[in-house]
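The values are calculated or read from the model by the stated rules, or taken from the named source; none is laboratory data. What you see is a predicted model, and the numbers here were worked out from it, not measured in a lab. Backbone-built Cβ (ideal geometry, glycine too); neighbour counts: all protein chains shown. When the accessible area is computed, the model is the full protein with side chains, heavy atoms only, and any ligands, DNA or RNA have been set aside. Shrake-Rupley method; radii C 1.70, N 1.55, O 1.52, S 1.80 Å.
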Amino acid sequence: MNVRHATDADLAVLEELWTAFEREVPPPGHVELDRAQELAEIREIVASGLGFLAEQDGPVGFALARVTGPGLARLTDLYVVPDARRDGVAARLVSAAADALAERGVQHLEVEVRAGSSDARLVYSRWGFAEQLHVLGVPLATLRERLAPEHRAASFASIHVQTDAVGDVERAVRDFTPRIGSRAWRVVGPRNGWATVYDEVIDRDPTALVRFGRELSSRLGAVVVVLSLESEQVVRLVAFERGGIVDEYLSVPEFYGPLAPGDVIGLAANPTVLARLTGADPQMVKALATTAATPAALPPARELIASLGQALGLEGVDHGYEQGAGEGA
């Protein structure tokens, strides 16, 4: 495998590779690429001597870099064709760019990684790149709505107990609610073999929600699934069996702050476990219960919690105690 400086004679090849990259990793929906401008920038970078091409029985990848200030540069593009990945091509390309930049007195290199590109973030982290700035984006209409004085981000929760014995659930709820300071609750059902608990405290307190779910599962010896929408942006699911947590899911694992890599993985749903507990189709659960670095990289949280409830055969997951005040047993 050979890595070399790209020349004007390689522009057509670079255009093909760049097009493949944009097709594989499209920009956010609100960004409209100016193809002519992008290709003009590629020509400019190649002319500056900071374009690199990897070849192995033909072109397999490219890297582009640009000096952006005194001692500072940015890796603007890095792409390797799928068949050549995990062979060290990307590392060779970035190494060539780093050597060329060092010769120009560059001391610091930056790179932008799109939200949700966990594989790319992991690779760059291994190379020593560290997060220095988070660039966030929002549709202006959403921002104006959220900033309106009357807007309050919705949070709600429900606890689903796998039983038809509603009276047993009500007695257990009545005994436990004083321990979390709750004075208003309701049990609905059974629906599809599940009794659903709504409570004023669990709507706003995820810790109380998990405690409540664990208590009901332990006391009744039942399968319990809790679901919550939090701050209108993130969905939580916790499944219990005989009082123990058997599965836990948070749609944005680091929504409340950085976690150890193992903890992030631990907050991804286990479709096999949820299928065993609820009879759901594991492939459907796998398709729905995805995680991302930001809420914007996932479907709207309200849609996500409704879809998860439907897949698991749970009714009434789209509201909490206050929103379902008119709901009867």
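Quick look at the values:
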quantity	calculated
Note, ³J(HN,Hα) from phi for segment 283-291, Karplus 6.51, -1.76, 1.60, rounded to Hz, x at Gly and Pro	5, 5, 4, 4, 5, 8, 7, 8, 10
List His319, His160, His5, ordered by accessible area with a 1.4 Å probe, largest first	His5, His319, His160
Amide H within-cut-off set for Val60, under 5 Å, with H built and near neighbours excluded	Ala54, Glu55
Cβ charges +1 (Lys, Arg) and -1 (Asp, Glu), total dipole of the chain, debye	1000
Cα gyration tensor shape for segment 173-329, rounded if a/c is under 1.5, else prolate or oblate	rounded
Two-site label geometry, Met1 and Glu131: point separation in nm, points 7 Å out along Cα→Cβ	2.8
Å² of accessible area per residue within the chain, as computed with a 1.4 Å probe and no ligands counted	54
Loop-resident sites, segment 237-317, for chymotrypsin sites (Phe, Trp or Tyr not before Pro), counting at most 15 other Cβ within 10 Å (DSSP)	Tyr256
Within the accessible area of segment 7-113 (1.4 Å probe), percent carbon and sulfur	48
Residues with amide H under 5 Å from that of Thr76, placed H, sequence gap 5 or more	Leu64, Ala65, Arg66
Evaluated at q = 0.13, 0.15, 0.19, 0.21 Å⁻¹: base-10 log I(q)/I(0), Debye formula over Cα of segment 71-151	-0.56, -0.68, -0.91, -1.05
Estimated distance in nm for a label pair at Asp83 and Ala184, the labels positioned 7 Å out from Cα along Cα-to-Cβ	6.4
Interatomic Cα distance distribution for segment 185-227, bins of 10 angstrom, percent	27, 59, 14
Extension gain from Arg144 to Glu112, taking 0.36 nm per residue of separation minus the Cα-Cα distance	8.8 nm
Residues Asp8 and Asp99, FRET efficiency given R0 of 22 Å [Cβ-Cβ distance, rounded to 0.05]	0.55
Theoretical FRET efficiency, 1/(1+(r/R0)^6), r = Cβ-Cβ of Glu15 and Leu122, R0 25 Å, to 0.05	0.30
FRET efficiency, Gln283 to Leu39 (Cβ-Cβ, R0 41 Å, nearest 0.05)	0.50
Under the Karplus curve 6.51 cos²θ - 1.76 cosθ + 1.60, θ = phi - 60°, whole-Hz ³J(HN,Hα) for segment 62-67, x wherever Gly or Pro sits	8, 9, 10, 9, 9, 6
Extension gain, Leu72 back to Ala91 (0.36 nm per residue minus Cα-Cα distance, nm)	4.9 nm
Accessible surface of segment 207-329, 1.4 Å probe, proportion on carbon and sulfur as whole %	51
Quarter of Cα convex hull surface for the chain, i.e. mean projection, nm²	20.6
Where GluC sites (Glu not before Pro) fall in DSSP loop in segment 1-102, at most 16 other Cβ within 10 Å	Glu32
Relative contact order for the chain, counting Cα pairs under 8 Å that sit 6 or more residues apart, in percent	12
Translational D in µm²/s for segment 213-289 (Stokes-Einstein at 10 °C, 1.306 mPa s, Kirkwood Rh from C-alpha pairs)	122
